[in-house]
1. Please compute, over every Cα-Cα pair in the stretch 68-147, the percentage with a separation greater than 22 angstrom.
2. Enumerate by residue number the trypsin sites (Lys or Arg not before Pro) in the stretch 145-253 meeting two conditions: DSSP loop (anything except H, G, I, E, B), and at most 16 other Cβ atoms within 10 Å of the site's Cβ.
3. How big, on average over all directions, is the shadow cast by the Cα convex hull of the stretch 118-226, in nm²?
4. Kirkwood hydrodynamic radius (Cα pairs, Å) of the stretch 6-151?
5. Relative contact order (percent) for the stretch 123-237, with alpha-carbon contacts under 8 angstrom and 6 or more residues of separation?
6. Cα centroids of the stretch 1-15 and the stretch 222-275: how far apart, whole angstrom?
7. What whole number of Å gives the distance from the Cα centroid of the stretch 154-179 to the Cα centroid of the stretch 113-136?
8. Kindly give the semi-axes, whole Å and largest first, of the ellipsoid equivalent to the chain, taking each as the square root of 5 times a Cα gyration tensor eigenvalue.
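Derivation of every value follows stated rules applied to the coordinates shown; laboratory data play no part. Just so it is clear, the structure is predicted and the values come from calculations on it, not from any experiment. Counting neighbours? That spans all protein chains shown, and the Cβs are built from the backbone with ideal geometry, glycine included.
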Amino acid sequence: MRIDLHTHSAASDGTLPPSRLLEAAVQARLDVIAITDHDTTAGWDTVREAVPDDIALVPGIEFSCQWTGAAPPISLHLLGYFIDPTYPPLVAELERLRQARTERGRRTVELLRADGIDITWDEVARIAAGAPVGRPHIGAALVRRGLVSTMDEAFAPHWLGERYRIPKADTDVFVALDLIHRAGGVTVFAHPAASRRGRIVPDQAIVELAAAGLTGLEVDHPDHTPEQRAHVRDLARALGLVVTGGSDFHGTHKTVPLGAELTAVEEYERLLAAR
Ligand code: AMP
Ligand code: FE
Ligand code: FE
Ligand code: ZN
């Protein structure tokens, strides 16, 4: 079984529309694919009646969160699977997150323009096409203008990686955990040890999340080194958490292919059983 539990469609910052993502998943010989867009369920909500016969769709989300045990707070991503997308408190919080993304996107463009970098909010909004605005949409505008040559370069420290990175007002991770569980979902901490993406939370935070009902840890992720994978795997075993893997596919916004990282079938079954 080939099970990829972390992918993005054009409903957030991936480049393939959800239906094309499902076709790509069949081509990549996946048996199970989770669509986990940032702060929206719009992607899988539109295609779940039209899933190809040879593949199973796991409805998911990647929730933008923060852990306030450090100053300033550390941002982290919580994957939620099998949630009811109509649960009102969840709908309201996701709407708030998406609005915060729009405001931050506008401010990021203003910051760039103040330095004489000629991209416009209209361009970025056109690229996002209604999806929650993320730095990849701004990066794509920079690439189109020839201001950088690759998306990786757009994320360099002197661009969106640091210089033009504005923090977002994300959801407290314990609040998000509770919202997802109340919406009938299960939770997996995405790329918990990926220090190359920024600050990571201490193990104690993961212990506290496990006590609050966290279901799993994403061990196999492209941004984890072999040492980080080993560490997170040991932590999952010690805490009795499910071990998952996923490619974090973003279409042409990233270079990692679908199915590059997978979840073992026994672990997938544990996730299903935890619903
Ligand atoms: P945001 O959510 O707006 O802060 O943007 C973060 C997103 O940018 C994440 O979803 C990452 O997948 C993406 N990202 C981070 N680094 C890179 C990179 N080097 N190349 C392409 N995408 C990236
Ligand atoms: Fe992303
Ligand atoms: Fe993430
Ligand atoms: Zn992701």
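1. On the way: 1275 of 3160 pairs.
Taking all Cα-Cα pairs of the stretch 68-147, the fraction more than 22 Å apart is 40 percent.
2. On the way: sites: R145, R163, R165, K168, R182, R196, R197, R199, R229, R233, R237; in loops: R145, R163, R165, K168, R199.
Listed in order of number, the matching sites are R145, R163, R165, R199.
3. Working: hull surface 34.8 nm².
Over every viewing direction, the Cα hull of the stretch 118-226 projects on average to 8.7 nm².
4. On the way: mean 1/r = 0.0605 Å⁻¹.
This gives a value of 16.5 Å.
5. Working: 90 pairs, mean separation 19.8, N = 115.
So the answer I get is 17 percent.
6. Here the two parts' Cα centres lie 13 Å apart.
7. 17
8. Taking √(5λ) for each eigenvalue gives 28, 22, 18 Å, largest first.
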